[in-house]
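The values are calculated or read from the model by the stated rules, or taken from the named source; none is laboratory data. Given the structure is predicted, the values throughout are model-derived calculations rather than measurements. We place every Cβ from the backbone using ideal geometry, glycine too, and count neighbours over all the protein chains shown.
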Amino acid sequence: MRIVVLAGGIGGARFLQGVRAFAGAGVEVTAVVNVGDDVTLHGLRICPDLDSVMYTLGGGADAKRGWGRAGETWAVKQELAAYGAEPAWFGLGDRDTATHLVRTRMLDAGYPLSAVTEALCARWRPGVRLLPATDERLETHVVVADPEQRAIHFQEWWIRYHAELPAQRFVFVGAQAAKPAPGVVDAITNADIVLLAPSNPVVSIAPILAVAGLREALVAGPAPVVGVSPIIDGAPVRGMADRCLAAISVPCTAAGVGELYGARSAGGVLDGWLVDSADAKTEVPGVAVRDTPLWMRDESATVSMVRAALDLSGVRVD
């Protein structure tokens, strides 16, 4: 049994905890993770989504904040501030900085991001195979007008401006030239089911699908594709997906996101769409829709979500 999950951010990381718990022995789980959030700051290559998944599954994430390392300290951030080093809006935790130092040193030595991720995971042992969507540069930039039109990195829009600058569109820089990282297409092609985690559809899942050839592999693959809604009763489970959806004129509803992904039979990617019980009347043309509780309050609740997704797809785990 092979399960592939397209994921990004904290929601994706928590969903993967449930997939891992559901899978157990004899089931291979591969997470294809968004790299559109990746950025170079203070000379270090930072991969927020890969790290969120790695730390969460490896037991090192800060459970209260939902991101970064548990037991984090901030001496590096304070020293950078004392020097007046920019950007001051992005905080580097001391423990987190060690990860970025190792990653940057390996990248500078010529190792691809997928190999670096594998090396980092040798410490954290996440229990699933983590693959970046691509080894090549792919960054999400946001076109804003304040008052003149300009493009800024997603991290600046998200962290510095708290997504309060109205976004006109999102650009996945480098996506057309990027190739899927080694193992990504094979994982999708050989999967028994592909799940779209309840991650931000605009800035977590869309950058993955934008990698040249990856969406095509997903659509052409034999495995059913089931998405899990990140919207419950008209509001994001967490984060600012509502502002991202507004920027591309998509309603912040389970139906709106389902239609954004679209039916595989009509040029989209979905065969099934799992929504919360509050959205039980949701319909997406050409897509099988089922409702179940989607609040990931604990691991058992998330396992139930995963089971419902597999039931919807018709895939059985003996």
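Is the range 254-263 home to any residue that is assigned to a loop (DSSP other than H, G, I, E, B) and out of contact with any Gly (no Cβ under 7 Å at 6 or more places or on another chain)? Scanning the range 254-263 turns up no residue that is assigned to a loop (DSSP other than H, G, I, E, B) and out of contact with any Gly (no Cβ under 7 Å at 6 or more places or on another chain).
Selection of the range 147-174 for residues being part of a strand (DSSP E or B) and among the basic types (Lys, Arg) yields 150, 169. Outside any strand (DSSP E or B), surrounded by 21 or more Cβ atoms within 10 Å (Cβ to Cβ), out of contact with any Cys (no Cβ under 8 Å at 6 or more places or on another chain) and among the aliphatic types (A, V, I, L, M) - does that describe any residue in the range 276-295? The answer is yes; a qualifying residue exists. If you check residue 195 against the conditions, is it over 27 Å from residue 104 (Cα atoms), assigned to a loop (DSSP other than H, G, I, E, B) and not charged (D, E, K, R)? The answer is no for residue 195.
Consider the range 229-246 and keep the residues that are surrounded by fewer than 19 Cβ atoms within 10 Å (Cβ to Cβ) and over 17 Å from the mean Cα position of the chain (by Cα). The one that is nearest to residue 205 (Cα to Cα) is 246.
Of the numbered conditions (1) of a type in the set (A, V, I, L, M, F, W, C); (2) in contact with a strand residue (DSSP E or B) (Cβ under 6 Å, 6 or more places away or on another chain); (3) closer than 22 Å to residue 255 by Cβ, residue 218 fails exactly one; give the number of that condition. Exception for residue 218: condition (2). It is to be established whether one or more residues within the range 46-55 are under 18 Å from the mean Cα position of the chain (by Cα), crowded, with 21+ Cβ neighbours inside 10 Å and under 21 Å from residue 189 (Cβ atoms). No, every residue in the range 46-55 fails to be under 18 Å from the mean Cα position of the chain (by Cα), crowded, with 21+ Cβ neighbours inside 10 Å and under 21 Å from residue 189 (Cβ atoms). When residues in the range 61-71 are screened for being over 28 Å from residue 175 (Cα atoms) and either modelled with pLDDT of 95 or more or buried (at least 18 other Cβ atoms within 10 Å of the Cβ) (or both), 2 of them pass. Reported count of residues in the range 201-234, each being touching a residue at least 40 places away in the same chain (Cβ under 8 Å) and part of a loop (DSSP other than H, G, I, E, B), is 6. Restricting 63, 88, 82 to residues that are more than 19 Å from residue 104 (Cβ to Cβ), in contact with a helix residue (DSSP H, G or I) (Cβ under 8 Å, 6 or more places away or on another chain) and of a type in the set (A, V, I, L, M, F, W, C) narrows the list to 88. Taking (1) under 20 Å from residue 33 (Cα atoms); (2) touching a residue at least 24 places away in the same chain (Cβ under 8 Å); (3) surrounded by fewer than 18 Cβ atoms within 10 Å (Cβ to Cβ) in turn, residue 90 satisfies each apart from (1).
If you go through the range 87-94 one residue at a time, do you hit one that is part of a helix (DSSP H, G or I) and more than 20 Å from the chain's Cα centre (by Cα)? Yes: one or more hits. Among residues of the range 106-126 being more than 14 Å from residue 47 (Cβ to Cβ) and free of Cβ contacts under 8 Å to residues at least 24 places away in the same chain, the one that is surrounded by the most Cβ atoms within 10 Å (Cβ to Cβ) is 108. Of all the residues in the range 262-305, those that are touching a Phe, Trp or Tyr at 6+ places or on another chain (Cβ under 7 Å) and aromatic (Phe, Trp, Tyr) number 0. Kindly evaluate residue 130 against the criterion of being in contact with a helix residue (DSSP H, G or I) (Cβ under 7 Å, 6 or more places away or on another chain), modelled with pLDDT of 95 or more and surrounded by 15 or more Cβ atoms within 10 Å (Cβ to Cβ). So residue 130 fits the description; yes. Candidates in the range 25-45 are the residues that are charged (D, E, K, R) and in a strand (DSSP E or B); of these, the one that is surrounded by the fewest Cβ atoms within 10 Å (Cβ to Cβ) is 28.
For the residues 80, 50, the requirement of being closer than 25 Å to residue 18 by Cα and assigned to a helix (DSSP H, G or I) singles out 50. Please determine, by comparing only the residues of the range 158-177 that are aromatic (Phe, Trp, Tyr) and more than 17 Å from residue 147 (Cα to Cα), which one is modelled with the lowest pLDDT. Among them, the one singled out is 158.
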